[in-house]
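Chemist: Below is the structure I would like to discuss, written out as structure tokens.
Please treat every number below as a calculation from the coordinates, not as lab data. It should be emphasised that the depicted structure is a prediction, and the values quoted were computed from it without experimental measurement. Backbone-built Cβ (ideal geometry, glycine too); neighbour counts: all protein chains shown.
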Amino acid sequence: MAKQKAFYFDASACIGCKACQIACKDKHDLPLGVRWRRVFEYGGGSWVEQNGVKVPSSLFSSYLSTACQHCESPVCRDVCPVQAITKREDGIVILDSEKCIGCRYCEWACPYSAPQFNEETKAMTKCHFCYDLQAQGLNPACVDACVMRCLDYGELDELRAKYGDLNEIEPLPTNEITNPALVITPHKHSQKSGEGTGRILNLEEEV
Amino acid sequence: MNKENMIQKALTDTVLTRRSFLKWSAALGGTAALAGGMNLGLKTVEAAAQTAAETDGKWVTVACWHNCGGRCLLKAHVVDGVVTRVKSDDTHPDSPNFPVQRACVRGRSQRMQVFGADRLKYPMKRKNWAPGGGKKELRGKDEWVRISWDEALDIFATETKRILDEHGNKSIYATSYGDAFGALYYDPISRIFSVLGGNVGAWGTVSWGAWPAPSIHMMGGFPSTNDRLDLQNSKLIVLWGANPAWSRQGNTTSFYMEAKRAGARIICVDPMYSATAKTLADEWIPCRPGTDTALLLAIAYHMIENNLQDQTFLDTYAVGFDRDHMPEGADPKENFKDYVLGKYDGTPKTPEWASEICGTHPSVIRSLSQQMATTKPAAFISSYAPARTNRGEQYAQAFFTVGWMTGNVGIPGGVVTWDPLPGGPPLVKLGPRGTSYKDNPVFPSKYLFPFPDPADETWTGLNWSEQWDAILNGEYTAGVRGKQPIDIRMIYHGHSAMLNQSPSLNKGIEAHRKVEFVVSASQFLTTNSKYADLVFPVTTYWERVGDLISANRESIFWWQQASQPLFEAKSDLEISLALAEKMGIDIEMIPFEQVIFNQVAGAEVIKPDGSGFEKLVTITADDIKEWGVEGEPQKGRISLKEFQEKGVYQVERKPGDRFTHIQLKAFRDDPVANPVGTPSGKLQIHSANLAGHIAAFGWDKIAPIAKYEPPVEGYEGTLDGEYPLQLWTPHYLRRSHSVFDNVTWLREAFPQEVWMNPIDAEARGIEQGDTIKITTKHGTALRHVKVDAGIMPGTIATGEGAWADRDDDTGIDMAGATNSLCGPVPTGQGVQGWNTTNAQVEKWTGKPIGADYKQPQRIIFGEEA
């Protein structure tokens, strides 16, 4: 297996606090509207009446912190008309904003919405796994920010040996398109991608 | 666009791009500025920015100073006076037993606050202000005029003296806490008033809700939570109204995760399926706000009915549970057990009885009771929130009583407490600051929080829930003295967010428009400053010389300066000294370097065998010389330079070490030798002193035992139909109270949303993302709604602390500031009952509101060339 850097995410411990999202914005000075790492809340269920008392019924909810998955088969790279997106030897998928012509095709193609458009520079941007920090032997900013210690990273095969090979829970898409370099420990409420019965609850994804 | 225009644009941009803030920071904190000593203008930008690019910079430990419920280590990457990035603690490898002091989402955004384009840059006055107030009705909507510091100090001095001469010290109301050196939460500016004879002070239990008085009278003092590692001994942890994932950020929730991993079952009782519950809870039990007492009484009923209470514990360690164990002089009929059984009032407090009030299913109540009574050891941990209710005292009484019925007191893994933050005496501590100050003779500082002695007839202070009515109506409640006249002519706000953060903003605005003079010291155009006549721009801690702080029992931090003061901002200490000079008065002052040095030199750390403390820091004669301070060389564990560079000292912990802490352990081991500080020396389920104390405050009365009596604007208040919903106001990750509400990154991450159950939304034709109008007896606000089955039907919630944005024409608050909706209802010991408010919601048919992060920042003045 080729070298492949990957993120690990422990859904069972995430409290949805977004320290990872803000640490990422701080590290990369991302403008408003651009979030290389995002945190979703996915859930569902309802309330039913039982002997005249409203009680929760099959209520479920959990958080998901997600960034670029540095996929083994990155469609963003495949669709870019100017080859601005490349996959490094270590598996990290990087985007050269200088080369980007701002057509936003990668944004449309990526099932994870990882490439994000910078309105100010009219170019795409995306998570590059803090390869600059990694080159100095440091952790990606998001990993070091997690107060619940539920983010980690490393070689994909090593992470899989340690945590298993789950890489698709709702609201992520199924893994078949891109082979995401991601390893997940599920929350008790996590549902397999494509089989979900809930919805993304976050208001900030709507207004 | 020329360079200066470009920077001008950057300064007024809603978004501070890297370019703009780099240049701005560079302009203000670059080498040239450092050399010049004070705030330079834009001409140095280019030079400083170039130097910055060529320098590697360094990481310095900086302040994260907010009243957030946590205390974490923050480091700023400073490149030649420019802060380019922040990070958190990386001073040792992270592990569950010896965790780094990791900062939360708000600390991570700190540089966007410090270098926000909306920082106040200059002293300013209201355009239509004149001595005596001028057009007072324009407060909050007048234009601002930039003035010099000299003029600002002069206006303050002249008006303050005039008001003092004409109306006396009791006409000045200062909402801050006075202190000599600006330690956290305290305001050195207000000491000016103390020297001049004092000022009327503001008091309230605020965050703590109704916990203080019941704690004092029922257990002899405030309980501490057990040590964080001891949580791992608990088989059951009940988190009651506690959502540490939002209210105790930093590492706290991870401590509970470790307890869960060690095998604890965790139950969350809460009106919301909270972030904490989602992650930690094996079971979530919904309970309506303000009705927890009813639920607790029913839990007690099930225990008594099935004889599950720890009777031996109660007989030995408590009084008031049953008629055979009453405190001296108490009516035996007034025992808790007979009240629960309904022996005298004819109402057994059964799960069915409680369910109608609290909305929890009776079978769930029985199950919870069974688990609480039989799983040992267990930790019963409430937050302050359920007691931040009208008549919150009865909740505190009931929580203690039911917790104690299980006997989980003074044993490993067992605790009954009201703070999810693990506790224990400090293992490392700072030396005293060595400062002193003249106390306020009108309202002594010891009375500011949580309350004055209601029997003391000498104080004049206004309760947070009564202050605006007092100013508007000329009368306040003065404990046993009853109603007393008051005539406030001047309001001073410093180190305070009183107008935004105390009940009834609408009355508050009216009160601000009534008085003759309003002064505010702040970093931004906060609600306080918006309605002021005169505003002093204040520096943040990043622009000051540094300081030390106790972070938690295991850690102390040493903060450094990261930037020169921005524009013309001054620290409140400097402002106080300038005011004193202007007014010709003397205030005590020792150099701040000495204050820092005193804390370092006096710092002590526990000895490895736990037998006592030893000096932490080695100080040499050279250090003392270099610092230019008074002191003696000493031997300690680490050098002064190492401590300063690292910015933290943390005691390493291991499970089973000597440093654990278990609340009331000595009492449990030997209750005769180590009685608690109550009249009986035991835990007082019945406390006549508590009932007497509450009555003395002058608002309402409670029984000496835990009873459920409907609070004002509680669940029962929804039943007549006009305001059929219960509004409650949790702490929210976007802010620490009102601080950070202006930070765009946090606004983007956390909309000021209102959570509403789909049942309530559907009944009103409301869908997620709609703009809704929330109406209470106290005001109206517009917000976006998040339709979420995770909040109990019949209740709505929105995070406290948004900066009010009241439209004066309609009276509608466009920001969703909770105090636009919450009423001033003084009860008990002067509690702010923010979690008991009746409300109605309808779909807003007017123009929908926009996303919070797209709203304009409050930028008064751009940078002038």
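Chemist: Ranked by Cβ crowding within 10 angstrom, fewest neighbours first, how are A:Val93, B:Val595 ordered?
Modeler: B:Val595, A:Val93
Chemist: Can you put B:His167, A:His128 in order of Cβ neighbours within 10 angstrom, beginning with the fewest?
Modeler: In increasing order of surrounding Cβ atoms, one gets B:His167, A:His128.
Chemist: Which of the residue pairs A:Lys25/B:Lys773; B:Lys87/B:Lys530; B:Lys125/B:Lys570; B:Lys141/B:Lys773 have a Cα-Cα distance greater than 25 Å in the structure shown?
Modeler: A:Lys25/B:Lys773; B:Lys87/B:Lys530
Chemist: Also, I was wondering about something else. Please determine, in degrees from 0 to 90 and to the nearest 10, the orientation of helix B:688-697 with respect to the longest principal axis defined by the Cα atoms of chain B, where the helix direction is its Cα long axis.
Modeler: Rounded to the nearest ten degrees, it is 40.
Chemist: Further, regarding this structure: Taking the Cα of B:Ile585, stepping 7 Å toward and past its beta carbon, and measuring to each backbone N in the stretch B:125-162: which are under 16 Å?
Modeler: Residues passing the 16 Å test: B:153-162.
Chemist: Taking only the alpha carbons of the stretch B:585-657, what extent do you get along each of the three principal axes, in Å, biggest first?
Modeler: Reported extents, whole Å, longest axis first: 55, 30, 22.
Chemist: Next question. Output wanted: per-residue J couplings in Hz (rounded whole) for the stretch B:335-341, from phi through Karplus 6.51 cos²θ - 1.76 cosθ + 1.60, θ = phi - 60°, x for Gly and Pro.
Modeler: Whole-Hz 3J(HN,Hα) from phi for the stretch B:335-341: 8, 5, 4, 5, 5, 5, 6.
Chemist: For chain A, find the longest principal axis of its Cα atoms and tell me its angle to the long axis of helix A:19-28, 0 to 90°, nearest 10.
Modeler: 20 degrees
Chemist: Which percent, nearest 5, of DSSP beta bridges in the stretch B:715-854 are antiparallel?
Modeler: Antiparallel bridges make up about 65 percent of those DSSP assigns within the stretch B:715-854.
Chemist: Within the stretch B:444-552, what percent of beta bridges assigned by DSSP are antiparallel, to the nearest 5?
Modeler: Antiparallel bridges: around 25 percent, rounded to the nearest 5.
Chemist: Turning to a different aspect of this structure: Using Cα pairs under 8 angstrom and six or more residues apart, how large is the relative contact order of the stretch B:89-221, in percent?
Modeler: 13 percent
Chemist: I would also like to ask the following. Spin-label point model (7 Å from Cα, Cβ direction): what's the B:Gln370 to B:Lys438 distance in nm?
Modeler: My value for the distance between the label points is 6.7 nm.
Chemist: So, in nm, how far is label B:Asp165 from label B:Asp456 when the simple model puts each one 7 Å beyond its Cα toward the Cβ?
Modeler: 3.2 nm
Chemist: Now for a separate question. Under the 0.36 nm per residue contour assumption, what length would be gained going from the current alpha-carbon distance of B:Lys127 and B:Asp670 to full extension?
Modeler: Gain on extension, B:Lys127 to B:Asp670, equals 188.7 nm.
Chemist: Test of the criteria: in the stretch A:130-207, which trypsin sites (Lys or Arg not before Pro) are in a DSSP loop and have at most 13 other Cβ atoms within 10 angstrom of their Cβ?
Modeler: Here the sparse-neighbourhood loop sites are A:Lys188.
Chemist: How far, in nm, would the chain grow between B:Glu626 and B:Ile759 when pulled straight, counting 0.36 nm per residue and subtracting the alpha carbon separation?
Modeler: That pair, B:Glu626 and B:Ile759, stretches by 41.1 nm at full extension.
Chemist: Would you list the P(r) distribution for the protein assembly as shown, with all Cα-Cα distances sorted into 20 Å bins from 0 and each bin expressed as a whole %?
Modeler: It works out to 12, 43, 37, 7, 0, in whole percents.
Chemist: Rounded to the nearest 5, what is the percent of antiparallel bridges among the DSSP beta bridges in the protein assembly as shown?
Modeler: Percent antiparallel among DSSP bridges in the protein assembly as shown is about 60.
Chemist: With each run of n ≥ 4 DSSP H residues scored as -39500 (n - 2.57), what mean residue ellipticity at 222 nm is computed for chain A after dividing by its residue count and rounding to the nearest 500 deg cm²/dmol?
Modeler: The per-residue figure over chain A is -4500 deg cm²/dmol.
Chemist: Along the Cα→Cβ direction, 7 angstrom out, place labels at A:Tyr131 and B:Ala696. What is the inter-label distance in nm?
Modeler: 7.1 nm
Chemist: Of the GluC sites (Glu not before Pro) in the stretch B:356-464, which ones lie in a loop per DSSP and count no more than 12 other C-beta atoms within 10 Å?
Modeler: B:Glu457
Chemist: Once the Cα gyration tensor of the stretch B:715-854 is diagonalised, what are the square roots of 5 times its eigenvalues, in whole Å and ordered largest first, as equivalent ellipsoid semi-axes?
Modeler: For the stretch B:715-854, the semi-axes come out at 21, 19, 15 Å.
Chemist: Only helical DSSP H runs with n ≥ 4 go in: add -39500 (n - 2.57) per run for chain B, normalise by residue count and round the 222 nm mean residue ellipticity to 500 deg cm²/dmol.
Modeler: Taking each H run of at least 4 residues, the total per residue is -8000 deg cm²/dmol.
Chemist: Looking at chain B, I'd like the Rg to Rh ratio, where Rg is from alpha-carbon atoms and Rh is Kirkwood's inverse mean 1/r.
Modeler: We get a ratio of 0.96 for chain B.
Chemist: Between the helical axis of B:505-514 and the dominant principal axis of chain B, each derived from Cα atoms, what acute angle in degrees is found, rounded to the nearest 10?
Modeler: 50 degrees
Chemist: A further question follows. In a GNM of chain A with a 10 Å cut-off on Cα contacts, which of A:Glu155, A:Glu120, A:Glu107 has the highest mean-square fluctuation?
Modeler: A:Glu120
Chemist: In the stretch B:550-642, what trypsin sites (Lys or Arg not before Pro) fall in a loop by DSSP, with at most 14 other Cβ atoms inside 10 Å?
Modeler: B:Lys635
Chemist: Here are some pairs, B:Lys75/B:Lys646; A:Lys188/B:Lys278; B:Lys429/B:Lys635; B:Lys260/B:Lys654; B:Lys707/B:Lys777; B:Lys607/B:Lys635; which of them have Cα atoms lying more than 20 Å apart in this structure?
Modeler: B:Lys707/B:Lys777
Chemist: Still on this model: Where nothing but the Cβ of Lys and Arg (+1) and of Asp and Glu (-1) is charged, how large is the charge dipole of the protein assembly as shown around its Cα centre, in debye to the nearest 20?
Modeler: The calculated dipole for the protein assembly as shown is roughly 860 debye.
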